[in-house]
Every structure is written in structure tokens, then in C-alpha cells.
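Undergrad: To start, I am sharing the structure in question, which I have written as C-alpha cells.
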Amino acid sequence: MAEEVILLDTWPSPFGMRVRVALREKGVVFDLREEDLSNKSPLLLKMNPVHKKIPVLIHNGKPVSESLIIVQYIDATWVRQSPLLPSDPYEHARARFWADYVDKKMYSGGRMVWLSTGEAQEVAKKEFIECLKVLEGELGDRAYFGGGRFGYVDVSLIPFYSYFYALEASANFSVAEECPKLVAWAKRCMQRESVAKSLPDQYKLYDHMLERKKIQEQ
Amino acid sequence: MDGVKLHGVWASPFSTRVIWALKLKGIPFDYVEEDLSNKSASLLRYNPVHKKIPVLVHGGRPVCESMVIVEYLEEAWPQFPLLPSDPHERAVARFWVKFIEDKSLNVWIAGRSAGEEQEKPMRDSSEMLAILEEHGPNKGKKFFGGDSINIVDIAFGGVAYWMRVIEEVSGGKMFDAAKLPRLNAWMANFESSPVIAKNLPDRGKLRDYFVPVRAKILSSSTSK
């Protein structure tokens, strides 16, 4: 039976990146469709009526929404290659906990750093660095958050690496100085074809964010 | 089998959700009531990241975050399944759990605020309910899980029951039964079902617990 896999996405979305990485890790052939969020496609509105957001994975006509839920679905559906979640229930729960931590902290934390200025930005920066340090602590001396193997938590976090340059430029700090092990981990992940293909160029992303900021400030 | 211990607070919707999952699955466990003003050394050791309850300890290893715990219980104890076996249906169930988790923050915020500050969280909570009413997977069914309670029922049960306490304590209306006939019916089904009915904290006691908690939060925020 022909398998139809469509991903509704936008190139700068860290959430979309997670799904792209997971699909590529599994060697799934998919149709990547770039959405214009100011003019959402009828397909997007039909497949995610509750949130009307990307990413949405459409597998043989059935939609799955919410990036981490999509990653779990991908892992459960394409089982032969690159398992992303541990089979041991406790390790599985630990992976869930840390992906949940990433979800709670990284997007909103990074956004605060990007959008605030002066004293408020200093506070946001400190908090963001603190979260990165917690993650670095959890990583420890392991190659990946998944242990010896690239896994679910790695997928959940690596997209935010593409945003580091923009945040560093905006708030005047260096993630490599604050969290060298975490940056080493990120570079390790970037060696994987699935990741290198799925993350945008950090300079292109910075430029895009600057353009958006200009538009929003008008 | 290694022992199971749950660190919780009787008045917490989050630890109650875990109790529901444990009881539905028939998993024996010990319960430790935590005093949040004086957290035990164990709690801080088991959950150093968030320092919150509930924490489930199984064979000495901690699992934190109520819905992460429920997923863990589902994997480690397959009886009374709380998730469908089909991957797409699982994804749909998880979608609604996430929706409830993300949107119900407004309910707790409404409980902690007053006057003008309370208006938006109240509105957003009502919007969450409207979306669940319209799109929720319980359409034409007894529970979100169909004939039996599943993970979505557990997630929402924690919110729905406490929402009415918060309404009483904070004097606002989020749940309009007339506008939410399906959810209203669901609530009656859920709260009267055997295991849940026996594990619902008393409404009056919850109210008595939250009145001073709310007063303290409001007074400390105005004295800034």
C-alpha cells in the first residue's frame, strides 16, 4: 500500500524541526509543505481545527498535531529504524519528563530574551542560562540525552540550537562559554544528517527574526 | 514487585489524578502526605528540578509530573488500559491531554487572582470548555475513553472537579452547564463512576482549604 506522509510546517519553527528530524531519522519519505501563517491553507485549518497551528503530520489522511505527540507517533509507527524512545518504562518516563521540561522552558524563555531589553533582558538571560545549565547537568558526560543513542529528548531540544546565535547577539552572551558541554552535544547532533538537513542556517534565522521584529514594531 | 509510594497533597488535583490511575489499575501503593510549607527531604531529593508533588516512587526511583506519572503507570502496569492501542488514537488522546494541561493553567490562575486580573483567565477557561464541548472525543460516548475511563478523563477530571471549587472560592463563573451539555453529562458520569466517586476529596473540605490559600496569595500580591 502506498504510504502518504505530509508535513505542514514553516521553516523557522523549532516544533516543525522536531518532526523533520524524527521523520528523517526513520528514513520516512514525506511531502514537506511550507505554510504561510498569515494565509493558512484549507488543509491546515481542516487538519488542526482546534489550534490551527503547525506542525501537523498527515499520515494516510489522518492528522496528528503537537510536535512531541507527533514524534511519539512517528516512533510508534516506523519501528524498524532509529528507536527514539526507550523501551524501559522508567527510562521512557524520564525522557518524557525532560522533553516536558524543554517544552516548559525553552520556547518561552528564549522568546523573553529576544523580545525584552535592558534590565528585563538581563533577568530573562539569567533565567534562560539557568535552564540550559539544568539541561547540561542532566546530560552529564553522556553523548546524548538518550545515553549512547540519539533519542526523544535530543530531538525535543536540538531545534533550539539554531536560535542560539540570535539570542547571543541580542543579549550579549555566549552559550558555549556558559554551557560548553551542551554546545558540544549540539555539534554532535548536527553531525547527523537528519539534524543538519532539518535545522535552518543560524544566520538566515537571525536575519528572519530581525525582519519579523521590524514588522512587529511598525 | 517493588513498592510504590506516592508523595502528594490531599487537596491537589494533580496528586488525585495519580491516585485515580493507581486505583483504576488496582496498583497497591503507600501514600505520603506532604506539607508544602515544609517539604520533606525526600520530596526535594526526588524532585530537585521542580520541588513539587506529585512524585511517584517505584522501587526507589522517582517519576514526576502527574501526566508523565500516568503514562508511566500505563506502561509498567498494562491492566485497565488508559490509552488506546492504535498509534493514531493514542496521538489523539495525548493531544487532548496536552490541550487540557496547557489551557487549564488559566483555571489555576483564575483561582489566584481577583477583579480585573481574573477576567482574562476566566474567559480563557470558558473558551477551553467551549472547545472541549465542540471538539472533544467524548461526543456520543460516556467518557472521553468511550465505555471506560481513559487518560483524557483523568486529565480533565482533575480540572473539572476543582474548577467548581475555584468558582465557589473566587466568585466567578467558568462552567456554564446550559452551554456545555455534553461536558455536564460527562462530569456526572465521571464523578459517579465507582473508583472515582470513592476518591474525590470532599467539596466542602476543599473549599475550606482553598479559601485561606487564596486570601494569602491575594494579600501577598497586593502588598508588593
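Undergrad: Give the residues of the range A:158-172 that are open to solvent by 20 Å² or more (accessible area, probe 1.4 Å) and in a helix (DSSP H, G or I), sorted by residue number.
TA: Within the range A:158-172, A:Y161, A:Y163, A:Y165, A:E168, A:A169, A:S170 qualify.
Undergrad: Within the group A:V155, A:V183, which residue is open to solvent by 10 Å² or more (accessible area, probe 1.4 Å), part of a helix (DSSP H, G or I) and among the β-branched types (V, I, T)?
TA: Working: A:V155 fails: open to solvent by 10 Å² or more (accessible area, probe 1.4 Å).
The match here is A:V183.
Undergrad: A further question follows. Regarding the range A:121-131, can at least one residue be identified that is within 19 Å of the chain's Cα centre (by Cα), more than 10 Å from every other protein chain (Cβ to nearest Cβ) and over 21 Å from A:A169 (Cβ atoms)?
TA: Checked against the condition, which is being within 19 Å of the chain's Cα centre (by Cα), more than 10 Å from every other protein chain (Cβ to nearest Cβ) and over 21 Å from A:A169 (Cβ atoms), the range A:121-131 yields no hits at all.
Undergrad: I'd like the residue in the range A:110-152 that is surrounded by fewer than 19 Cβ atoms within 10 Å (Cβ to Cβ) and of a type in the set (G, A, S) and, out of all such residues, is nearest to A:Q191 (Cα to Cα).
TA: Within the range A:110-152, the match that is nearest to A:Q191 (Cα to Cα) is A:A143.
Undergrad: Restricting to helices (runs of 4 or more DSSP H) lying wholly in the range B:137-224: which have 1 or more residues that are in contact (Cβ under 8 Å) with a residue 60 or more places away in the chain, surrounded by 15 or more Cβ atoms within 10 Å (Cβ to Cβ) and in contact with a helix residue (DSSP H, G or I) (Cβ under 6 Å, 6 or more places away or on another chain)?
TA: So the answer is B:151-170, B:194-197, B:203-222.
Undergrad: Mind checking which residues of the range A:55-70 are facing another protein chain (nearest Cβ under 10 Å) and not polar (S, T, N, Q)?
TA: Correct list: A:L57, A:H59, A:K62, A:P63, A:V64, A:E66, A:L68, A:I69, A:I70.
Undergrad: Another question, then. Of all the helices (runs of 4 or more DSSP H) wholly in the range A:1-109, which have at least 3 residues that are surrounded by 21 or more Cβ atoms within 10 Å (Cβ to Cβ)? Write out each step before concluding.
TA: On the way: elements: A:14-25, A:42-47, A:67-77.
It comes to A:14-25, A:67-77.
Undergrad: Here is a list: B:V49, B:V55, B:V32. Which entry is in contact with a strand residue (DSSP E or B) (Cβ under 8 Å, 6 or more places away or on another chain) and open to solvent by less than 40 Å² (accessible area, probe 1.4 Å)?
TA: Going through B:V49, B:V55, B:V32 in turn, the sole match is B:V55.
Undergrad: For the range B:112-124, indicate whether the set of residues that are of a type outside the set (D, E), open to solvent by 30 Å² or more (accessible area, probe 1.4 Å), part of a helix (DSSP H, G or I) and under 20 Å from A:D88 (Cα atoms) is non-empty.
TA: No; the residues of the range B:112-124 include none that is of a type outside the set (D, E), open to solvent by 30 Å² or more (accessible area, probe 1.4 Å), part of a helix (DSSP H, G or I) and under 20 Å from A:D88 (Cα atoms).
Undergrad: Can you name the helices (runs of 4 or more DSSP H) wholly within the range B:1-100 that have at least 3 residues being more than 9 Å from every other protein chain (Cβ to nearest Cβ) and of a type in the set (D, E, K, R)?
TA: Of the helices (runs of 4 or more DSSP H) lying wholly inside the range B:1-100, those with at least 3 residues that are more than 9 Å from every other protein chain (Cβ to nearest Cβ) and of a type in the set (D, E, K, R) span B:13-25.
Undergrad: Out of A:V50, A:V28, A:V64, A:V71, report the one residue that is touching a Phe, Trp or Tyr at 6+ places or on another chain (Cβ under 9 Å) and touching a residue at least 60 places away in the same chain (Cβ under 8 Å).
TA: A:V71
Undergrad: Next question, about the same structure. Could you tell me whether B:A76 is touching a residue at least 12 places away in the same chain (Cβ under 8 Å), within 16 Å of the chain's Cα centre (by Cα) and open to solvent by less than 40 Å² (accessible area, probe 1.4 Å)?
TA: Here the answer is no, as B:A76 does not meet what is asked.
Undergrad: I'm trying to understand the selection: among the residues of the range B:101-122, which are acidic (D, E) and either within 14 Å of another protein chain (Cβ to nearest Cβ) or closer than 15 Å to B:N150 by Cα (or both)? So that I can check it myself, show each step before the final result.
TA: From the range B:101-122, those acidic (D, E) are B:101-102, B:116-117, B:119; that's our starting set.
B:E101, B:D102 - these are the residues of the range B:101-122 that are acidic (D, E) and either within 14 Å of another protein chain (Cβ to nearest Cβ) or closer than 15 Å to B:N150 by Cα (or both).
Undergrad: Regarding the range B:30-42, can at least one residue be identified that is within 25 Å of A:Y101 (Cβ to Cβ) and among the aromatic types (F, W, Y)?
TA: no
The values are calculated or read from the model by the stated rules, or taken from the named source; none is laboratory data. None of the values given here were measured: they were computed from a predicted structure. Neighbour counts are summed over all protein chains in view; Cβ atoms, including those assigned to glycine, are modelled from backbone coordinates with ideal geometry. Keep in mind that these areas ignore ligands, DNA and RNA; they rest on the heavy atoms of the full protein, side chains included. Shrake-Rupley method; radii C 1.70, N 1.55, O 1.52, S 1.80 Å.
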